[in-house]
Amino acid sequence: SSYTPILHNSEYTLVTIHDLKQFKLPESSGKLSWPKRVYVKRRIARSAREADHIITVSENTKSDIVEQFNVSPTTVSVVPLGPGSGLMEVSGPAPVSPPYIFFIGELRPHKNVHTLIESYQQYRENTDSHINIVIAGSPRSGYQSKLRGTIRDKYRDDIHFLGYVSDETAAVLY
């Protein structure tokens with residue numbers, strides 16, 4: 001995780017917050033010393049409260065920001081991350097046949113992959129749709145095994161863990 005202290009100008013202050021793992025999953029900040037963890041949390045909280053507007057990457061993080069810092073939902077905009085322009089050149093078949101829901105990122109608890117898997121299973125229970133999930137990214141600390149343990153038997157062949165994928169494979173999957 002990276003962070004930058006807020007910079008002010010007299011006109012307008014805009015802050016980007018990618019996640020609140022320091023607040024939601026403090027154990028994920030294990031490499032930071034205790035004083036640095038306290039500093040980071042205070043800095044993020046102050047930045048959020050003083051900002052004229054906040055940008056974040058997901059509706060889930062927006063909800064967390066609104067709840068954690070008691071800011072108005074209208075001051076937080078969601079701008080999802082996407083592939084860089086270099087990923088637009090595609091060739092070759094995808095490793096999984098479409099249609100599928102695609103997740104790419106490190107497999108860590110604060111990424112909410114467990115919620116994706118549970119939501120997918122509920123969706124499949126309530127529809128006749130047959131769509132796969134493709135999960136690409138480096139697993140961390142046994143989290144992939146925990147995720148696999150949440151998959152119901154009848155969906156095991158529909159949820160694909162690819163591990164790390166090259167930029168070229170990611171482009172094909174997008």
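The values are calculated or read from the model by the stated rules, or taken from the named source; none is laboratory data. Because the structure is a prediction, the values reported are computed rather than measured. Reconstructed Cβ throughout: ideal geometry from the backbone, glycine too, with neighbour counts over all protein chains shown. Quick note on the areas: whole protein, heavy atoms, side chains included, nothing else; ligands and nucleic acids left out. Shrake-Rupley method; radii C 1.70, N 1.55, O 1.52, S 1.80 Å.
At a glance:
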| read-out | value |
| --- | --- |
| Accessible surface, per residue, of the chain when the full set of protein chains is kept, probe 1.4 Å, Å² | 62 |
| Dipole of the chain [Lys/Arg +1, Asp/Glu -1 at C-beta], most positive-end residue of Asn132, Ile17, Val76 | Ile17 |
| Simple Cβ-charge dipole of the chain, Lys/Arg +1 and Asp/Glu -1, about Cα centre, in debye nearest 20 | 940 |
| 5 angstrom amide H check on Asn132, placed H, neighbours 5+ away | Tyr100, Ile101 |
| Per principal axis, descending, Cα span of region 88-174 in whole Å | 35, 34, 18 |
| Equivalent ellipsoid dimensions for the chain as semi-axes, Å, which come from the Cα gyration tensor, largest first | 33, 19, 17 |
| Share of carbon and sulfur in the accessible heavy-atom surface of the chain [1.4 Å probe, %] | 51 |
| Relative intensity, log₁₀ I(q)/I(0), of region 35-120 from a Debye sum that treats every alpha carbon as a point, q = 0.26 Å⁻¹ | -1.33 |
| Lys pairs under 15 Å by Cα in the chain, provided they are eight or more residues apart or on distinct chains | 11 |
| Rel. contact order, % - alpha carbon contacts under 8 angstrom, at least six apart, the chain | 20 |
